[in-house]
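Structure first, commentary second.
The values are calculated or read from the model by the stated rules, or taken from the named source; none is laboratory data. The structure displayed is predicted, hence computed values, not measured ones. Positions of Cβ are backbone-derived with ideal geometry, glycine not excepted, and every protein chain shown enters the neighbour counts.
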Amino acid sequence: MIITDILSAAKELGGLGELVSKARQEKRDRLAGCLGAISSTLADVVANLRADDRSVGPCGELGALAESMEGVFGGAFGRERAQELTRKLNEAMHVRTLMFEINQAPHRERELEKLEEAAGQFRGFARVLRAGYTPSAG
């Protein structure tokens, strides 16, 4: 399920603390900005779904963010790792499919909570990067 993929990508990013800690603060800030934008957009998706708003604006936002991630990740993780992370995010960020899956899920609220958790993971990692801390591996 896409929600599981999004949550997995968020947790995987958080586990890359040692790689990120080697990046200059400017690169960490760029990465934090993108992760914060992903978090905010995922939170918008949750709010829209709870309000039964099926607008596709977040689809375009997440698509654009996922497309730009390879360049941002490349500055922090190196090209090969950046390509892998970008591929995972691109696969996970199909919001139309995500919205359909959530609306069809027997435990809809539980799925929305997972999506909120993923948004929180992205937001938390972004804050850690901005603060200059090294996230723990794992």
Checklist entry - Any idea which residue in region 125-136 is modelled with the lowest pLDDT, counting only those that are among the small types (Gly, Ala, Ser) and farther than 17 Å from residue 73 by Cα? => result 136
Item to check | Among residues of region 40-55, those that are surrounded by 18 or more Cβ atoms within 10 Å (Cβ to Cβ) and touching a residue at least 60 places away in the same chain (Cβ under 8 Å), counted | outcome: 5
Next on the checklist: Given the criteria at pLDDT below 75, surrounded by 17 or more Cβ atoms within 10 Å (Cβ to Cβ) and more than 14 Å from residue 3 (Cβ to Cβ), does residue 78 qualify?
Outcome noted: no
Checklist entry - Is it the case that residue 124 is small (Gly, Ala, Ser), out of contact with any Pro (no Cβ under 7 Å at 6 or more places or on another chain) and at positive phi? => result no
Checklist entry - Which ones in region 91-118 are crowded, with 17+ Cβ neighbours inside 10 Å and either touching a strand residue (DSSP E or B) at 6+ places or on another chain (Cβ under 9 Å) or modelled with pLDDT under 80 (or both)? => result 92, 93, 94, 95, 98, 99
Item to check | Members of region 10-26 that are modelled with pLDDT of 75 or more and within 19 Å of residue 86 (Cβ to Cβ) | outcome: 10, 11
Checklist entry - If you check residue 62 against the conditions, is it at pLDDT 75 or above, surrounded by 15 or more Cβ atoms within 10 Å (Cβ to Cβ) and over 20 Å from residue 33 (Cα atoms)? => result no
Checklist entry - In region 27-36, is there at least one residue being in contact with a helix residue (DSSP H, G or I) (Cβ under 9 Å, 6 or more places away or on another chain), closer than 18 Å to residue 84 by Cβ, surrounded by fewer than 17 Cβ atoms within 10 Å (Cβ to Cβ) and modelled with pLDDT under 80? => result no
Next on the checklist: Pairs needed: first member in region 4-31, closer than 17 Å to residue 65 by Cβ; second member anywhere, of a type in the set (Phe, Trp, Tyr) and at pLDDT 75 or above; C-beta distance under 9 Å; at least 6 residues apart or different chains.
Outcome noted: 6/122; 9/122; 10/122; 10/125; 13/122; 13/125; 31/125
